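To keep things clear, I will list the structure first and then write my remarks on it.
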Amino acid sequence: MRTAEPGRINAAFRGRLGNFMLDAELSLPATGVTAIFGPSGCGKTTVARCIAGLQRMADGFCAVDGEIWQNHHSFLPVHRRPIGYVFQEASLFPHLSVRRNLLFGAPKAVGAQIAFDEVVDLLGLAALLDRSPHRLSGGERQRVAIGRALLSQPKLLLMDEPLAALDRATKNEILPFLERLHGRLSLPVLHISHDMAEIERFADHLVLMEQGRVVGSGPLHSLRPIPPAGNRDRYGDCSPRRKSVGNRTRMTSMPIDFHDIDPNRVAAILYRSQDDVDTLLADFAETLTRSGERIGGVVQRNIKDGAGCQVGMQAVDLMTGREISICQPLGSGAMACKLDAAGLAEAAVAVTRAIAADVDLVVINKFSKQEAAGEGLRDELADAIAAGIPVLTAVPEKCLDAWNDFTGGIGTSLLCERSAIEGWWQDLSSRMKRARAARLAADAPAALLTDHHVG
Amino acid sequence: MEIWSPEIRQSVLLTVELATISTAILLVLATPLAWWLAHAKGWWTEIAASIIALPLVLPPTVLGFYLLVMLGPDGPGGWIASFWGGRTLAFTFEGLVIGSVVYSMPFVVQPIRNAFSATGERPLEVAATLRASPWRTFWTVAVPLARPGFLTGAVLGFAHTVGEFGLVLMIGGNIPGRTKVLSVAIFDYVETSRWREASILAGFMVIFAFAVILTMTLVDKRAARAAA
């Protein structure tokens, strides 16, 4: 793959960074939007930085549209590469106004392909031009950063998780701009993300990365993401033995701060191995769906053979009702059964979709071994909680410590009984309805007025 | 008897001249040095930083002694002076400038280095991805963002040059019109019991120091407002 081809981006980087080993080879079309997807720490940002020339791997090759940027004996410095780079944090120059930020990389010569007015219009920046970056919101800053990158007339736009540092409302504010951008420009874009929902909205091509390697590449929808492997032994089997170790191992993933979340909105059903929590949750979710509640997420149903022995399991996306996948039966009577990689990815999408739809309750069937070890649906659980949506999940008793570490001790523990779950939900949903009614009442006079006008 | 006697005026002007020239040279030398210290990685950077910081802890007389040897006819100073037919740099205005630069270097390098470090790599990376050469990045991004550091460095460098005494006495002596700066003059007046002149000069120093700091602060505030 170490050859320069016109119309393609060819790159290969190999080397060690600290104790991280990167060995990535890419060959992508130099058109449309290509998403590089993978869990945090898989090396996707490093690949983008290598392509930009911000990071130099001794053993590297990079050619874009037939032009060699790096090989064994040459390395084009960053400022000679026709790229636009949007960083995770907007990184505007604080000493320059928005207008001068935008024009920083714009060539002096006229007749540029991407015109100033067009970018200002596309990203809705007209009202911000004379402001200082200090006086912009997070979303506005990121829009200016995107505009600034575009105005440098790049031949390749690299976007390194441009939305990851933004909250959900701001993300939703920027996403339409990004979609418009990708629709209007003929510029090839490399979009780095760990958010499948984001990628599904505009990527044409997908590259999957894991632990410094490219594990798949192809048109979107021909690929399924593979969940992260590794650090499988953090909480291991959540065994209580680890509690006796004075200095408990910390999660590798970032500690999440849920302190401003209403603790009543997070509930964990504590169950023991003999409890059939899957069926309990699935039945409860089904009841709610039937009565017209807006809920989303994933539950599991066990598949049993004629003799009542579990032979497999099926996950269901609560919003679409779709059966996600059936995990491979482990043989008659096997109780442990995990979602396979593809199923897990679909479950993740199901939860993300529910969060995006702002449902009234997200059900995630389990926080167990995998989630405790920073895998599985852990990130999606965190997203749902952080979004302030009520979350119901089930936690095996042996994983209670890991759960408390994860949530920072917030949330309600429920007994593994239908009545306990229903009690929690009725209490919470009636309070939510009251709050909503109060909000509506506050808006009511305005609504009445408009009604009169119409009448 | 006038306050502004020729003798006093001479030492004031000499001091301002010395401090201005030294500060200018300090900024020119300290900027690349601070840049290098802020960006280079390796054990030798800290060794270099320690050498630059030596005047902070060395007694001025010790520093002055070594400088006197170096500037004298048998040291490199004598060799340099021979270019314009001189015999030595000791007890000359040029020698004082060299001494002041060495003495005040840490006070200028440190704030600028800190300001460069505080800026971090990201703005420089951003500039590079926007096609700015390293030279342009330095002047349009790194320097403006490190402005408070430059200001602090310049004020400290200037003030330290104005106020140094031990070092000046060691390498400059007390030659009116050539090396007799304010601080030495005040010492002289006190020695000879001319309290009136001493208090005029001392008062001038206090007012001057206050004015410098106030002006710099106001200039910085205005610049910050203009940028915002």
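The values are calculated or read from the model by the stated rules, or taken from the named source; none is laboratory data. On a predicted model such as this, the values are computed, not experimentally measured, just so you know. With ideal geometry, Cβ positions are generated from the backbone for all residues, glycine too; neighbour counts draw on all protein chains shown.
Numerical summary
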quantity	calculated
Residue count for region B:64-92, restricted to those that are surrounded by 18 or more Cβ atoms within 10 Å (Cβ to Cβ) and assigned to a helix (DSSP H, G or I)	7
When residues of region A:82-141 are limited to those that are surrounded by fewer than 20 Cβ atoms within 10 Å (Cβ to Cβ) and basic (Lys, Arg), the one farthest from the other protein chains (Cβ to nearest Cβ)	A:ARG99
Selected residue [surrounded by fewer than 18 Cβ atoms within 10 Å (Cβ to Cβ) and under 25 Å from A:LEU185 (Cβ atoms)] from A:GLU25, A:GLU5	A:GLU5
Single residue of region A:45-81 satisfying the filter (more than 12 Å from A:PHE13 (Cβ to Cβ), of a type in the set (D, E, K, R) and more than 14 Å from chain B (Cβ to nearest Cβ)) that is surrounded by the fewest Cβ atoms within 10 Å (Cβ to Cβ)	A:GLU67
Any hit, region A:22-34, residues being outside any strand (DSSP E or B) and among the charged types (D, E, K, R)	no
Yes/no for A:ILE36 being of a type in the set (A, V, I, L, M, F, W, C), within 14 Å of chain B (Cβ to nearest Cβ) and either buried (at least 22 other Cβ atoms within 10 Å of the Cβ) or out of contact with any Gly (no Cβ under 6 Å at 6 or more places or on another chain) (or both)	no
Test: residue in region B:24-36 that is under 30 Å from B:TRP195 (Cβ atoms), without any contact (Cβ under 8 Å) to a residue 60 or more places away in the chain and under 18 Å from the mean Cα position of the chain (by Cα)	no
Residue under evaluation B:ASP74, criteria (1) touching a residue at least 12 places away in the same chain (Cβ under 8 Å); (2) out of contact with any helix residue (DSSP H, G or I) (no Cβ under 8 Å at 6 or more places or on another chain), criterion not met	(1)
Candidates B:VAL206, B:VAL141, filtered to the one that is modelled with pLDDT under 90, part of a helix (DSSP H, G or I) and either away from chain A (no Cβ under 14 Å) or buried (at least 21 other Cβ atoms within 10 Å of the Cβ) (or both)	B:VAL206
Filter result (in contact (Cβ under 8 Å) with a residue 60 or more places away in the chain and either surrounded by 22 or more Cβ atoms within 10 Å (Cβ to Cβ) or in contact with a Phe, Trp or Tyr (Cβ under 6 Å, 6 or more places away or on another chain) (or both)) within region B:116-138	B:PHE116
Region B:173-228, subset β-branched (Val, Ile, Thr) and within 19 Å of the chain's Cα centre (by Cα), residue farthest from B:VAL12 (Cα to Cα)	B:THR217
Test: B:LEU56 is surrounded by 18 or more Cβ atoms within 10 Å (Cβ to Cβ), in a helix (DSSP H, G or I) and touching a residue at least 24 places away in the same chain (Cβ under 8 Å)	no
The lone exception for B:GLY149 - which of (1) closer than 19 Å to B:ILE25 by Cβ; (2) small (Gly, Ala, Ser); (3) touching a Gly at 6+ places or on another chain (Cβ under 7 Å); (4) part of a helix (DSSP H, G or I) it fails	(3)
Identity of the residue in region B:152-184, assigned to a helix (DSSP H, G or I) and among the hydroxyl-bearing types (Ser, Thr, Tyr), that ends up farthest from the other protein chains (Cβ to nearest Cβ)	B:SER183
